[in-house]
Amino acid sequence: MIPKTIKKLVVANWKMHGNLKQNAALLNDFVATLANLKHTQVVVCAPYPYLAQLQSALQHSDIAWGAQNLAKNEIGPYTGEVSAGMLRDFGATYVIVGHSERATAYCESDENIAQKFMVAKKHGITPILCVGETLIEREAGVMEMVVSKQLDAIINAYGAAVFANTVISYEPIWAIGTGLAATPEQAKSMHRFIRNKIAALNSEAANQLKILYGGSVNPQNALQLCIVENIDGGLIGRCSLNAQDFESICYAAEKAAA
Ligand code: PGA
């Protein structure tokens, strides 16, 4: 059996929400309430214009922060893009790559996502790679094939060793923002599949990889999900916009890790 990583990770994905005032209120609350967590790393991922706000609000706390996307290129004439080096300049330590909302709306290919994953790593930013299937794919029973193909884009280009000290977030598309989370059994099975797939190629990388679950995590289901083997934490959308909800989820992760 593969040992799970010890510390949990809970990531707030604010998506395209927030403003200076609302963010300040949330961040102050997070800093005050989540300061004593010992077994859980908390991360906040906000839209680009608020990176400086995160940097300053979180600088004296253990809460890390990051972006929700980055450019696959390192520098050049790419209007509107933000590079890994720029994120690093502000002190970002995490970045979400391949979120299905982006992949669908902006036609991001698995190969582009793989490049983003690697450029983040190169600049010392931990990539949080999102993978997951649609409802049609789950109903057809091909969810493992779909996730496998998403992982293969990285494995085939760069090898499985690159997953060491990175994060994969299993996010079934049908569970995102729908209120219908995967059951602990469904998540358990996919998380085991992901860990085993990487372990078969590189067991050390598999041990150093965190696998999050994302998709309608809330204070009611967080503990049930976080205690599942191979679930190392969560990627939280809607509930990360409410201080109490997000903090309850972080405390559930803390309880599951203790
Ligand atoms: P949700 O979003 O928690 O609102 O379902 C999760 C995500 O998209 O990361």
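Working carefully through the options 179, 141, find the one that is of a type outside the set (A, V, I, L, M), open to solvent by 30 Å² or more (accessible area, probe 1.4 Å), within 16 Å of the ligand (Cβ to nearest atom) and at positive phi. First the steps, then the outcome.
Numbers: 141 fails: within 16 Å of the ligand (Cβ to nearest atom).
Being of a type outside the set (A, V, I, L, M), open to solvent by 30 Å² or more (accessible area, probe 1.4 Å), within 16 Å of the ligand (Cβ to nearest atom) and at positive phi holds for just one of 179, 141, which is 179.
Taken together, 70, 54 contain a single residue that is in contact with a strand residue (DSSP E or B) (Cβ under 7 Å, 6 or more places away or on another chain), open to solvent by less than 10 Å² (accessible area, probe 1.4 Å) and in contact (Cβ under 8 Å) with a residue 40 or more places away in the chain, which is 70. Checking each residue in the range 9-27 for being open to solvent by 10 Å² or more (accessible area, probe 1.4 Å), hydrophobic (A, V, I, L, M, F, W, C) and within 16 Å of the ligand (Cβ to nearest atom) picks out 16, 26. Count of the range 204-230 residues, restricted to those that are farther than 14 Å from residue 180 by Cα, within 14 Å of the ligand (Cβ to nearest atom) and part of a loop (DSSP other than H, G, I, E, B), is 0.
None of 154, 236, 168 is within 15 Å of the ligand (Cβ to nearest atom) and either out of contact with any Leu (no Cβ under 6 Å at 6 or more places or on another chain) or farther than 28 Å from residue 93 by Cβ (or both) except 236. In the range 180-197, the residues that are farther than 18 Å from residue 150 by Cα and in contact (Cβ under 8 Å) with a residue 12 or more places away in the chain form Cβ pairs under 9 Å with partners that are open to solvent by 10 Å² or more (accessible area, probe 1.4 Å) and part of a helix (DSSP H, G or I), at six or more places apart or across chains, as follows: 180/174; 182/174; 184/224; 186/138; 186/143. Residue 205 satisfies every condition listed in (1) open to solvent by less than 20 Å² (accessible area, probe 1.4 Å); (2) under 22 Å from residue 40 (Cβ atoms) except (2). For residue 244, the criteria (1) under 15 Å from residue 130 (Cβ atoms); (2) over 18 Å from the mean Cα position of the chain (by Cα); (3) within 16 Å of the ligand (Cβ to nearest atom) hold in every case but one, which is (1).
Note on the range 73-100: among residues that are of a type in the set (D, E, K, R) and touching a residue at least 12 places away in the same chain (Cβ under 8 Å), the one that is nearest to the ligand (Cβ to nearest atom) is 88.
The values are calculated or read from the model by the stated rules, or taken from the named source; none is laboratory data. The shown structure was predicted, so the numbers you read here are calculated from the model rather than taken from an experiment. Using ideal geometry, Cβ is built from the backbone for each residue, glycine included, and neighbour counts are taken over all protein chains shown. Calculation scope for accessible area: heavy atoms of the full protein, side chains included, ligands and nucleic acids excluded. Shrake-Rupley method; radii C 1.70, N 1.55, O 1.52, S 1.80 Å.
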